[in-house]
Each structure stands twice: as C-alpha cells, then as structure tokens.
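The values are calculated or read from the model by the stated rules, or taken from the named source; none is laboratory data. All of these numbers come straight from a predicted model, not from anything done at the bench. We place every Cβ from the backbone using ideal geometry, glycine too, and count neighbours over all the protein chains shown. Areas reflect the complete protein model, heavy atoms only, side chains present, ligands, DNA and RNA absent. Shrake-Rupley method; radii C 1.70, N 1.55, O 1.52, S 1.80 Å.
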Amino acid sequence: MAAQPEAAAGHVTLVPVLQAMRELYSQPPGTERFKEYLRMATSMGDMALPISRINPMAKAHALTYVEKMIALDAENVAIGAAAAASAELPADALQLSLILLDDLKGGWTNRTFAEFEHRYERKYEVQRGWAVVVLWTSEEPSREFVRERTREAMYRTIAERDRGPVRTLREIMKREGETMRFAGRTSSRYDAATLASIEVTIAPHLDSNAAPVVIASLYGDEIAASLGYPPLGLPAHAAYEAALARELNGARRTSWI
C-alpha cells in the first residue's frame, strides 16, 4: 500500500497517495482501518508528515471524493501544474503530493487550525522538500481547482525556502497576496469600500504574531468567534482579500521575488 514516486516533471517528483487513500476508505471504519492508516503512514517514511493530517475514520463522503479526484486524474493534473510552476520559480528538487482533508463530517480536523498550520507552520515539510496540495471535502473538485491549489503549494514552499517562514500578519499578507496572484486569482471578492474598511481595521495589527489576532484578521469574525477569539469587526477572509487586492493593485512585477 506504500506510495512510491511515480512521475517526475522538471524539479518535481509526484508521490501518489490517492489510490492508497481509496483502499483505506474502502475498509469499514474501525480498529483495522486505523491500523492500516498507521501502517500506511509509517511505510511512507517522510511521507508520514503530510499523510498524518488525513482523517483515517472519515465517513463514506471521503471515499466518494477520493474517487472523484481519481476520475479527474488529479495527480497527473497536479504534476503538470507543478512542472509549469517550477519553470517560473527558482525551484530546487521537490516532492509533490495531493491529500484530502475532511472538514464536513468528522471531528478529526478543525479546518481553520489545520489550514493555518499547513500554510505557516510547516518547517519540517519545507526542509524535506514537500509541496503538499490540500483539498477539502467541502470543496467541489475540478481540474482547474487542482491546478490552482498546486500552484499555491509550489509558491508557498519555494517562498519559504527562499525567504524563511512568515509570522506576523504583515508578512503573511505579503506572501499570501503573491501566492494568490501566482495561482491565478485576478480580483478580490470585496468592493473597494469594503477593502478600505478592512485595511483600516487591520492596520493596528499588522506587526502582531498573536494567533487570536492573526486568525481573526485572516478569517473574519465568524471563524474567530467559533474559536473563542475576540472578533475585530471583519468579514470572512478579510486580510486574505485585502492582501490580494494590494498585490494586484500595487505589484505589477514580472518576477516573484
């Protein structure tokens, strides 16, 4: 059941896991499935880092999603997108893997915490050369979506290798604005007035690295309140959208640096 490198493109090698996830989720939930998950993780060596985030006890919807991704040939789509991205970035050798995280029907994963960790607390993955493409069970899969997420994963990994981790809200916004532009986002979901209001609200917090402040700024009041953090008076994904608008309006660079 162990996944082995299957395809390479430029500086990027794909480590496929979707078939292994399909086999895992085809088993009835229970002790044997969990034991198989542990065997799967340990047999993959360094792959245990990204694979450890999946929900081994996910319900039938996870199997359905994995089968959709296999039908879309998602791993080959991802390696193709990674090859194109590596031609645009100063890429060293990377390992690419695509995993599914469950934010619909299980208590294993809190999406906000898991997403925050995946994006900003991944020292060992970056050191080991992993670019991990994360999809969520609440998201409708498509080839274009896989391409976009792959370009995001490539950019974050290479940017962190080159410039180190981001900690403050200001640093996160700068990198995320660049990441979203590189992935193909061309406009913010908010109008100019809303973006201006967001900028005013987050301005006093730009140099904060306190998780309650940074998460409330990035994800908005509803998510902040659900986690027990003080709301700041912000809509969903506020600082992310402001970061994208800044990048699109003020950074007309041809280089990622």
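Of all residues in region 212-232, which are assigned to a loop (DSSP other than H, G, I, E, B) and open to solvent by less than 10 Å² (accessible area, probe 1.4 Å)?
Within region 212-232, GLY220 is the sole residue that qualifies.
Residue by residue, here is whether (1) under 14 Å from ARG170 (Cα atoms); (2) touching a strand residue (DSSP E or B) at 6+ places or on another chain (Cβ under 7 Å); (3) among the small types (Gly, Ala, Ser) holds:
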site	(1), (2), (3)
THR201	yes, no, no
ILE215	yes, no, no
ALA224	no, no, yes
LEU232	no, no, no
HIS237	no, no, no
GLU241	yes, no, no
ARG246	yes, no, no
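Across region 115-137, which residue is most open to solvent (accessible area, probe 1.4 Å) among those that are part of a loop (DSSP other than H, G, I, E, B) and under 16 Å from LEU96 (Cα atoms)?
By that ranking, first place goes to ARG128.
Across region 147-205, what is the total count of residues that are farther than 14 Å from GLU241 by Cα and of a type in the set (D, E, K, R)?
12
Report, by residue number, each residue of region 148-198 that is touching a residue at least 12 places away in the same chain (Cβ under 8 Å), open to solvent by 20 Å² or more (accessible area, probe 1.4 Å) and over 23 Å from PRO90 (Cβ atoms).
Passing the criteria: THR168, ARG170, THR186, SER187, SER188, ARG189, TYR190, THR194, LEU195.
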